[in-house]
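The values are calculated or read from the model by the stated rules, or taken from the named source; none is laboratory data. Just so it is clear, the structure is predicted and the values come from calculations on it, not from any experiment. All Cβ positions, even for glycine, are placed from backbone atoms using ideal geometry, and neighbour counts span all protein chains on display. Note: areas computed on protein heavy atoms with side chains; ligands, DNA, RNA excluded. Shrake-Rupley method; radii C 1.70, N 1.55, O 1.52, S 1.80 Å.
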Amino acid sequence: AGGEDAFIGRAHMKGAMHLDKVLVRLKAGQKFGRPDGVVERIIERNTKELIGTFETSDGEGWVIPSEPKYYYPFVIPKRWRAGAKNGQLVNVEITEYPTNRFNPSGQITEVFGDALDPEAEARAILRKHRVLLEFSQGSEFEAENFSEELSEEDLEGREDLRDWTLFTIDGETAKDFDDAVSIERTSKGYTLGVHIADVGHFVKEDSALDKDALERGTSVYYANGVVPMLPFQ
């Protein structure tokens, strides 16, 4: 069809889902200004899990996907509900894909909280975009054993300003305390000092902290919260 989009009616989707790779047979005629088509075969499934709202009806459990393009409700057997309650946002791992006759089914792997709770929605969005919320055990161990004591080696090649009064720029509830300023009166007025933490000195190359930070690339800020690139310590 020269690269044109094909229209596939719901009755002709053969259980295909959004993002699936499919083989399509074009029929004669058009629908809605596009070639009319039928899914002949699903070549590749490209959705392994998704987020939605858990609901029950007559003892049956369902998850309604948050993304409208996934319009199939998912059947959730009782043994795979992970304690989810009506109206909660959840993450579902797909166990059976849809067919022309049957709805898809899945297993709840994470419960975020009430769908109307902004914090639950934020956690669900972070999960959807694969934002890493937990650090590796190696990073946690290195962070817990971090020492604030400085050695002579740490001070080598540096000017010691620890007797100065410095003010962190970040507020008390901030997640990163890596910038500070100082002010000093001089004969001509004042000198403003700008101090930037040398994080690379403490995060050693190829350490667990370094590898976790590299995988994240940056801290991720969202409304009323942040997923840090490094543990708080």
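With just the Cα atoms defining each centre, how far is the stretch 214-233 from the stretch 181-197? Give it in Å.
Between the Cα centre of the stretch 214-233 and that of the stretch 181-197, the gap is 30 Å.
For the stretch 136-175, what is the accessible area per residue in Å², given a 1.4 Å probe and the full set of protein chains?
Working: 3690 Å² over 40 residues.
With the other protein chains kept in place, the stretch 136-175 gives 92 Å² per residue.
In whole percent, what relative contact order does the stretch 87-147 give with Cα contacts below 8 Å and a gap of six or more residues?
Numbers: 60 pairs, mean separation 17.1, N = 61.
Reported as a whole number, the value is 28 percent.
Report the trypsin sites (Lys or Arg not before Pro) located in the stretch 140-188 that are in a DSSP loop and have at most 12 other Cβ atoms inside 10 Å of their Cβ, or state none. Mind dumping the intermediate values first?
Working: sites: 158, 162, 175, 185, 188; in loops: 158, 162, 175, 188.
When the trypsin sites (Lys or Arg not before Pro) of the stretch 140-188 are filtered for loop state and at most 12 Cβ neighbours within 10 Å, 158, 162, 188 remain.
From the list (1) 12.4; (2) 22.3; (3) 14.1, can you say which value of mean projected area of the Cα convex hull in nm² was derived from the structure given?
Correct label is (2).
Dipole magnitude of the chain about its Cα centre, charges +1 at Lys/Arg Cβ and -1 at Asp/Glu Cβ only, in debye to the nearest 20?
On the way: 28 positive and 43 negative charges, 527 e Å.
Using Cβ point charges on Lys, Arg, Asp and Glu, the chain gives about 2540 debye.
With a 1.4 Å probe and every protein chain kept in, tell me what percent of the accessible surface of the chain is carbon plus sulfur.
On the way: 8200 of 16130 Å².
The nonpolar share, carbon plus sulfur, comes to 51 percent.
Run the reach check for residue 21 against lysines, Cα to Cα strictly under 22 Å, same-chain hits fewer than 8 apart removed. What comes back?
31, 48, 69, 128
Compare the Cα positions of 232, 167, 39 along the charge dipole of the chain (+1 at Cβ of Lys, Arg; -1 at Cβ of Asp, Glu; about the Cα centre) and return the one farthest towards the positive end.
Most positive-ward Cα: 39.
Using a Cα-Cα cut-off of under 12 Å, which aspartates and glutamates could be cross-linked to residue 27, ignoring same-chain neighbours fewer than 8 residues away?
The reachable aspartates and glutamates, counting only those whose Cα sits under 12 Å from residue 27, are 36, 40.
I'd like the GluC sites (Glu not before Pro) in the stretch 49-156 restricted to DSSP loop residues with at most 14 other Cβ atoms within 10 Å, sorted by number.
Passing both the DSSP loop test and the Cβ count: 134, 148, 149, 156.
Residue 204 to residue 165: FRET efficiency via 1/(1 + (r/R0)^6), r the Cβ-Cβ distance, R0 30 Å, to the nearest 0.05?
Calculated value: 0.50.
Sequence gap at least 6, Cα distance under 8 Å: using those rules, report the relative contact order of the stretch 187-233 to the nearest whole percent. Walk me through the numbers before you get to the answer.
On the way: 22 pairs, mean separation 10.7, N = 47.
Reported as a whole number, the value is 23 percent.
Could you give the dipole magnitude of the stretch 52-128 about its Cα centre, charging the beta-carbon of Lys and Arg +1 and that of Asp and Glu -1, in debye to the nearest 20? Provide the component values of the computation, followed by the final result.
On the way: 9 positive and 11 negative charges, 47 e Å.
My answer is approximately 220 debye.
Taking H placed 1.01 Å from N in the peptide plane, check which residues at least 5 places from residue 61 or on another chain put their amide H under 5 Å from its amide H.
76
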